[in-house]
Amino acid sequence: MDRIKILEEFRSKCVERMRALADGLAGDDTRSNFVEDEQSEWDQLDSWVTDAAADISRHQRLLAVGEAGSTDPSGTLPPNTNVTEDPFDLRSLPFNAPGSEIRARALTAIEKIPELPDAYRENATRMVERVDNRRGDLARHLLLTGSTAFRTGWQKAMAGEMWSCDEAERHALLEARASSLTDGAGGFAVPFTLDTTIIGTADGTVSPFREISTVKQIVTDNWNGVSSAGVTGSWDGEAAEVSDDAPTLLQPSITPSKLAIFIPASIEITQDWAGIEADLRQMIEEEKARKEDAAFTTGTGSGQPTGIITALDGGSSETTPATAETFVLADVDSTYGALPARYRRRAAWAGEINTFLKIQELAAAAGDRSAWNNQAADPLVNGELRGRPAYEASAMRSTADINPAATADNHILVVGDFANYYIVDRIGLTVEFIPHLFGTGNNRPTGQRGWYAYLRTGADSVNDGAFRVLNVATTL
């Protein structure tokens, strides 16, 4: 018993220190992550808490076995004693378990899922360690939606066969719904191994923004940050009062908007549909990528993310061509030259494929080998424009859209430090099963079913000065 008491006291001290670190971070509006030393201390404390919890559990089982008269002199468990704990079983956690203990359980659970690809495992682990709140809401969500009972129950619910769920599956589904991170009460959170807001997706292959921007995940309804264009220094004389060089601090706020995806299918397909999880996830992921590509480019910011073009349109970051309604190679240089020097080191270009093809054509005609470093058929294979990475953004307008006979804005190139464009994901993907779809004629069933999926994502520039956008506007 003394050993258990010592371990419990040690664990309590570790948890107390972790709470102090978390409170310090929460009270500091200038940053959203631990500094390196704090993160190292947190990781060590988290490891000690996990080890202590495992030792306490082991000693308690030994004590219980000993009271039953079945111990052996070595102090180990007798043969054939099952000491395997299901990390997804929250019943073994005390009601008031601290967030650190729930996170430790979630990290163990993530490692015990053999079919989870390493990249998804790493992303889920990172989110538990860096994104979760002090209560451990995200970790609890992973434990509730990662169990075998939940996954099999969810499969049956999504196939319209919830009636066939056993007691464990029904309990897992209802418990996950009661503690869901999402706001919907009509659907079920997907198993976290399929949740694109947790394990991540390959969106960078379709749209560059998730690859080059700052991506934040939250478990609350909106993200609030602090940004500044920098401080202003001064040369002060000896013994002179220093001037006020305080920066102007801004408080950007991004509220994720709901993206809804509906997937219809015939009853015949659903009856013969094996591997429903993978198919649903792929369709949701592909449509999510398409919608985000457009929203992160020209989203209005009203009921959807604010696109980078929308954020910069008409502001001081907008540049114009040397000759109205005409694009020439020199416009690339003037746009890049207008970018403040402090943002050039990490700058990247975004543009539509036809714009990059036109730049390649103009560079070849001018014999300017330094404009584009790759003269391959595909200009985006390791492409760099004036020495900075160039990414295809398919939803942007291009040089092919420049029509002097029409009145239009044509924002064809963006350059800047995209770390100042924030994408905020509200964690949690929910899917509702619609058992019957009805026709528009006589409102009779069509022999189809559907899945209604929804998630929340927001985006905006937090510092427009870190970008320049070239607008080749045309007028009649």
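Summary of computed values
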quantity: Linear extension gain, Arg290 paired with Gln44, 0.36 nm per residue minus alpha-carbon span; calculated: 84.5 nm
quantity: Cα shape, region 93-175, gyration tensor, a/c 1.5 rule; calculated: oblate
quantity: Label-point separation, Asn133 to Ser334 (7 Å along Cα→Cβ), nm; calculated: 5.0 nm
quantity: Theoretical FRET efficiency, 1/(1+(r/R0)^6), r = Cβ-Cβ of Ala20 and Lys258, R0 30 Å, to 0.05; calculated: 0.25
quantity: Karplus-derived 3J(HN,Hα), 6.51/-1.76/1.60, for each residue of region 340-351, Hz, glycine and proline x; calculated: x, 4, 5, 9, 6, 4, 10, 6, 9, 9, 9, x
quantity: Rounded to whole Hz, the Karplus (6.51, -1.76, 1.60) HN-Hα couplings of region 407-423, x for glycine and proline; calculated: 8, 6, 8, 9, 7, 9, 9, 10, 9, x, 8, 6, 5, 9, 10, 9, 10
quantity: Gain on full stretching of the segment that runs from Ala408 to Thr125 - 0.36 nm per residue minus C-alpha separation; calculated: 97.2 nm
quantity: Environment charge at Gln217 (Cβ cut-off 9 Å; Lys +1, Arg +1, Asp -1, Glu -1); calculated: +2
quantity: Cα gyration tensor shape of region 306-347, rounded if a/c is under 1.5, else prolate or oblate by comparing a/b with b/c; calculated: oblate
quantity: Estimated vicinal HN-Hα couplings, Hz - region 353-366 in sequence order (Karplus 6.51, -1.76, 1.60; Gly, Pro = x); calculated: 4, 5, 5, 5, 5, 5, 5, 4, 5, 5, 5, 5, 5, 8
quantity: Span from the region 309-362 Cα centroid across to the region 407-456 one, whole angstrom; calculated: 30 Å
quantity: Where labels lie 7 Å past Cα in the beta-carbon direction, separation of Trp163 and Ala400 in nm; calculated: 5.3 nm
quantity: Chain lengthening between Arg344 and Phe10 when straightened (0.36 nm per residue, less Cα-Cα); calculated: 115.3 nm
quantity: Cut-off under 5 Å, modelled amide H: who pairs with Asn410 long-range; calculated: Val472, Ala473, Thr474
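Values in this text are rule-based calculations from the coordinates and carry no lab data. Nothing here was measured: the structure is a model prediction, and the numbers come from that model. So basically every Cβ, Gly included, is an ideal-geometry build from the backbone, and we count neighbours across all protein chains shown.
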